[in-house]
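These notes are about the structure you will find just below.
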Amino acid sequence: MGASLCKLTIICPREIEAVLADALDAMEPRLPGYTMIEAHGRGPKMQPASAAERVRGALRTAMFILILPRPRIEDVTGMIRTACPRPQISYWVEPVEDFGRLTDA
């Protein structure tokens, strides 16, 4: 059946969103695609940078979501550690029970 699929979620400050996207786009072999979402993060270790973030009490973040075979997850996180070594980037991995397209077209 092949390697099991996993969902990799990556969170980073929006200021480095483009750097992370460029690093993901440059990976070889190429990634099958990913989703980017604008988000807001809160937590005791998050330091809002702008005045608006301090007023809102939340840091502007970007969320990247990738569905990949488990071995590729380690390739992606290793690449990010090398290409974008920033402590503000966090990630988690979840198993995916099923993944596909709803139509063949």
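Every number here is computed from the coordinates shown, using simple stated rules; none is lab data. Remember, it's a predicted structure, so these values are computed and weren't measured experimentally. Every residue, glycine among them, receives a Cβ derived from its backbone with ideal geometry; neighbour counts consider all protein chains shown.
What the table shows:
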{"read-out": "Contour excess over end-to-end distance, with Cα ends at Glu97 and Ile65 and 0.36 nm allotted per residue", "value": "10.0 nm"}
{"read-out": "Distance between modelled label sites at Glu15 and Met79, nm, 7 Å Cα→Cβ extension", "value": "2.5"}
{"read-out": "Long-range HN-HN contacts of Thr61 with modeled amide H, under 5 Å", "value": "Arg14, Ala39, His40, Gly41"}
